[in-house]
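The values are calculated or read from the model by the stated rules, or taken from the named source; none is laboratory data. No experiment lies behind these values; they were computed from the predicted model shown. Here the Cβ positions follow ideal geometry from the backbone for every residue, glycine too, while neighbour counts run over all protein chains shown. Note: accessible area is taken over every heavy atom of the protein model, side chains too, but ligands, DNA and RNA are not part of it. Shrake-Rupley method; radii C 1.70, N 1.55, O 1.52, S 1.80 Å.
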Amino acid sequence: MQRTYHFSEIGPTRAEGDIFALLVSVGRRHSFAAGSQVLHRGDQPTGFWLIESGHLMACRFGRDGERILYGVLGKGDLVGELACLTHLPQQVNAIAEDAVELVWIDLPQIDRLLANEPRFARWMLASMAHKMRTALDRIESDYSLSAQVRIARVLADLATSDGPDLEITQQEMADFVGVSRVTVGKILSDFAAKRLVDLGYGKISVTDPNGITAYCG
């Protein structure tokens, strides 16, 4: 099973169909091994990446070196485009979770696409609007929702978009939700005892989607 979960970008904003083909046709392919850092926080924007295959982790590193995970992105996702459009430094690091094939779109090409391809410009606006919405949702949930509800929401969203069998580790869940690995383990064990999920090595299967949704608040 190909893992395609998108913590920060769940929703219809991936470059699919004609937009994906358009970007592949004008960009340059590059390959990176697992663990490679393909984008550095603070870099000045010179273009963005389109993920053709594999997965990138979008994250920051805390003062003590801890990783703050914002998303695990897959085929069709863009990385670094917001910095290009706002002319601000890159806001996250992007690290290859596995072997990845990426397509590089440089700034001059982006300017040509925005000027000459209305479908691309419309898609970019929709993508940015979606990112703003999901960022606001996450801020709200961090302040007002319990860890149990936040984990249930992630499970429900991923099961809806990618099917019930989720190849995600408890540590990745903890990094995203912003709680300890121990807290995630306790909550998932409780869900498993109630037969809402099955737990495996690096995998969580949502066996009762309606039951999980009931916890989403």
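Brief remarks on what is shown
- Of the strands (runs of 3 or more DSSP E) entirely within segment 27-76, those holding at least 2 residues that are closer than 18 Å to A99 by Cα and not hydrophobic (A, V, I, L, M, F, W, C) occupy 28-32, 47-53.
- Any hit, segment 2-15, residues being modelled with pLDDT under 90, more than 12 Å from the chain's Cα centre (by Cα) and open to solvent by 70 Å² or more (accessible area, probe 1.4 Å): yes
- No other residue among L158, L114, L136, L125 is touching a residue at least 12 places away in the same chain (Cβ under 8 Å), out of contact with any Lys or Arg (no Cβ under 6 Å at 6 or more places or on another chain) and hydrophobic (A, V, I, L, M, F, W, C) apart from L158.
- Every test in (1) exposed (fewer than 13 other Cβ atoms within 10 Å of the Cβ); (2) among the β-branched types (V, I, T); (3) at pLDDT 90 or above is passed by I105 save one, and that test is (1).
- Meets criteria (open to solvent by less than 20 Å² (accessible area, probe 1.4 Å) and either at pLDDT below 80 or under 30 Å from H87 (Cα atoms) (or both)) for F120: yes
- For the residues Q148, Q91, the requirement of being under 30 Å from I212 (Cα atoms) and either in contact (Cβ under 8 Å) with a residue 24 or more places away in the chain or buried (at least 17 other Cβ atoms within 10 Å of the Cβ) (or both) singles out Q148.
- Filter result for the condition that a residue is within 20 Å of V177 (Cα to Cα), open to solvent by less than 30 Å² (accessible area, probe 1.4 Å) and of a type outside the set (V, I, T), over A96, A83, A159, A135: A159
- Candidate set from segment 163-211 (those that are among the charged types (D, E, K, R) and under 16 Å from the mean Cα position of the chain (by Cα)); member that is modelled with the highest pLDDT: E172
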